[in-house]
Amino acid sequence: MKSILNSFQDQPIRLKMFYTYSFIVLIAVILVGGSVYYQVSKTIADNIENELSNATATILKLVETTAKSSIRNYLRAVAEKNVQIASYYYTKVKNGTMSEVEAKSRLQEIFLSQSIGTTGYIYCLNSQGMAVMHPDKGVEGVNFAQFDFIQKQISQKEGYLEYMWKNPKEEHLRPKALYMTYFEPWDWILSVTSYRSEFSQLINISDFRDSILSQTFGKTGYSYVLVSNGDVVIHPHFSGNLWVTQDDNIRSMVRRQCETKNGKLFYSWKNPGEKKLRDKLVIYNYIKEYDWIVASTSYLEEFYAPLKSVRNIMLSTILAILLLIFPATFTIARGITRPLQQLEKKLSQVADGNFTVRMQINTEDEIGKLAAYFNHFMEQLTIYSQKIETEIDDRRRTEELFFKAFHASPSGIFIVNLNNHMVIDANRSFLNFIGCNHDEVVNKSLRSLSMFRHSSSFNQIADLLKQDGRVRDMDVEFVNTNGNTRLGAIHAETVHIWGELCVLCTVEDQTETKRLEREIIDISERERLQLGQYLHDDLSSHLLGIEVMLKVILRKRSDDGDSDLESLNKVRHHVKEAIEKTYRISRGLCPTHIAEKELELTLMEFCRDIEQIYDVSCRLEYGGSSISLKPQMATHIYYIAREAAYNAVKHGKAQNIVLIIFNTGNTATLEIYDDGSGFSGNIEGKGMGLRIMHYRARRIGATLDIRPDNKVGTRILLTFNLTPTGVE
């Protein structure tokens, strides 16, 4: 047998084709009938399954879409009805027949008395995300703006919204939906919400019953919908619960569907009025939200009816093929093998490095096209070979250029793999900055280098990269190998290198710059204190003396009946105003009273000074316990607020300034809002005043965020520790 196989392998292609085709035809005469019948039968079975699967998927989509629309309309109707109720009570308030407190109390009773499904309810938010009405009294007055779906409610105010939520004491998030509408007079976003698993109680089955029952497959196939406990939702023949039916066959089939929920089943069945069982197929899918099983079913024999005709046609076709294949084999084989032999010789020449060889094209058939493709391939191969050589040369020059620019840059540069934090490369400037050589840094973990003075700096950089993909002008303290601290401004950007996500970091040495900046600011602080002391001790005393002299002159002139008394009184009045303004300015420049009072009282006096000096509205809002700080820290906070108010009035032309201070335990926050013109473009680096504010925040270990407000003006947020350490 082995020798026969070896002899066959050595035969020319045309003989191999002849022997092979002849053998295949002989075997086909015996097997083709059965195999074709099997394939057609399998195809019909697949078509049956595909048709039922597609129909089930279509019905599933129909049910989900219609149910979702029904739920949305239901929630919307409830929301709009309750807004009408709110409008009714609002009208009573406007007419004076009911107080606003009484109206809102009555609305709360009405809203909270309504249930949506099993656990659904109605609640109200305001435009800031604070709960103003909720079944859980404990959350009223709490701001939930940190949740994404609350932010969407604040932004949209109207419409349908799906989100994930879990009630207290629940372990897992569950899908939930709401419809919201806005009652503008009281700034209420009224929301009607329910867990989506409870939607089945709110769905109107009649919305899609006819559409499902209209689906047919074969002659008697149909679709139906069950609950997983056996209850019939939609069925052309049955109702009630099929688990308790007297028919064991029905009960068994339904239980298997309810247990598996998704899949297909073959079973025996007879419709009402039929005499015998017939084989049937059902395809079914599960809608978890409603606990529904959507199914499509049909008798198999109704699909297999065309199989007999197909079998006869296939047998006739096989006989015709047998009559044609024998004489065609040699002709085809010779037409193929001759050009292949020529192509074999050409390929041998190409393998030796000769790219100039080409095939002669004699025909336009597949062989001719093969020759044309070979010629085209050789032409492209020649072009690609030249391009590759050029590209290799260009890449070599580009890498050389990057290498020189990278290592010659005066800025410190290093590259880190973002996945494992290994340093890929670092240039000379960065190595000098941290006092290490190349081998001590490259291929080492960034954490193991201990070059950050504070380990939190590494985590902060990593968090910013995850959030924004970049870091810009972040001050970081580095420690070199000599133990000296250096201040660097770090920039970082995520890039892909060799298929890996990496970070390209540049470091600018800011040690001397920051030292000089600090000295300049310290000098200005001393000058400010001296000027404030001068205004208080010298100029105020002079003005006070002038006021006393005017008082004496007025007394003497009054005795003599002088007619210039009114003018002298005006002069004295102006001098007294000048004394008061001088005291306020000196107190602002040299606030010695800060150490004697709590921060809130100091800021209240500051607000009064702003109003009197600049003739604008400035007020302080605060809550919680009083905030007591070290004098140095309170002074820095005072001047940050002072600089913010000065910028709002002088540059932003603000008419209203609001300071809000509150503590949250170990930290406190000072928020400053104004209605001025705000900033345009990037705030970073605008003016010495802002730089001093950032400097003061760093001095007390606080974070300062300055940005344009959403609508108008500027928003400043200062967050600081209530037990600061190391304040200078």
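This table checks each residue for (1) at pLDDT below 75; (2) of a type outside the set (D, E, K, R).
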{"position": "F355", "(1), (2)": "yes, yes"}
{"position": "N362", "(1), (2)": "no, yes"}
{"position": "N375", "(1), (2)": "no, yes"}
{"position": "E389", "(1), (2)": "no, no"}
{"position": "I413", "(1), (2)": "no, yes"}
{"position": "M422", "(1), (2)": "no, yes"}
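Checked against (1) in contact with a strand residue (DSSP E or B) (Cβ under 7 Å, 6 or more places away or on another chain); (2) part of a helix (DSSP H, G or I), A371 passes all but a single condition, namely (1).
Any idea which residue in the stretch 629-667 is surrounded by the fewest Cβ atoms within 10 Å (Cβ to Cβ), counting only those that are touching a strand residue (DSSP E or B) at 6+ places or on another chain (Cβ under 7 Å) and in a loop (DSSP other than H, G, I, E, B)? In this case the residue turns out to be N666. When restricted to residues that are under 14 Å from F478 (Cα atoms) and either part of a helix (DSSP H, G or I) or among the acidic types (D, E) (or both), the stretch 404-428 contains 0. Of all residues in the stretch 348-360, those that are without any contact (Cβ under 8 Å) to a residue 12 or more places away in the chain and more than 9 Å from M378 (Cα to Cα) have Cβ atoms under 6 Å from Cβ atoms of residues that are in a loop (DSSP other than H, G, I, E, B) and aliphatic (A, V, I, L, M), 6 or more apart or on another chain, in Q349/V357. Checked against the criterion of being surrounded by 12 or more Cβ atoms within 10 Å (Cβ to Cβ), modelled with pLDDT of 90 or more and touching a helix residue (DSSP H, G or I) at 6+ places or on another chain (Cβ under 7 Å), the stretch 147-158 contains not a single residue that satisfies it.
With respect to the conditions (1) under 30 Å from D291 (Cα atoms); (2) outside any strand (DSSP E or B), M98 falls short on a single one, namely (1). Residues in the stretch 261-277 that are within 46 Å of the chain's Cα centre (by Cα) and under 21 Å from D231 (Cβ atoms): K261, N262, G263, L265.
Please find, among Y182, Y163, the residue that is aromatic (F, W, Y), more than 21 Å from V83 (Cα to Cα) and in a strand (DSSP E or B). Give the derivation first.
On the way: Y182 fails: more than 21 Å from V83 (Cα to Cα).
Only one candidate passes the filter, namely Y163.
In the stretch 678-697, is there at least one residue being within 30 Å of I154 (Cβ to Cβ) and modelled with pLDDT of 85 or more? Looking through the stretch 678-697, none of the residues is within 30 Å of I154 (Cβ to Cβ) and modelled with pLDDT of 85 or more. What number of residues in the stretch 110-127 are modelled with pLDDT of 90 or more and either among the small types (G, A, S) or loosely packed, with under 12 Cβ neighbours inside 10 Å (or both)? Summing the residues that are modelled with pLDDT of 90 or more and either among the small types (G, A, S) or loosely packed, with under 12 Cβ neighbours inside 10 Å (or both) in the stretch 110-127 gives 1.
Inspect all residues belonging to the stretch 451-463 and state whether any of them is touching a residue at least 60 places away in the same chain (Cβ under 8 Å), part of a strand (DSSP E or B) and surrounded by 13 or more Cβ atoms within 10 Å (Cβ to Cβ).
no
Against the condition basic (K, R) and under 36 Å from the mean Cα position of the chain (by Cα), how does K219 come out, does it pass? Taking the combined requirement at face value, the residue does not satisfy it.
The rows are residues; the columns are (1) modelled with pLDDT of 70 or more; (2) within 24 Å of P410 (Cβ to Cβ); (3) assigned to a loop (DSSP other than H, G, I, E, B).
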| site | (1), (2), (3) |
| --- | --- |
| N482 | yes, yes, yes |
| A489 | yes, yes, no |
| R528 | no, no, no |
| G532 | no, no, no |
| L554 | no, no, no |
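The values are calculated or read from the model by the stated rules, or taken from the named source; none is laboratory data. If you're wondering where the values come from, they're calculated on a predicted model, not measured in any experiment. Using ideal geometry, Cβ is built from the backbone for each residue, glycine included, and neighbour counts are taken over all protein chains shown.
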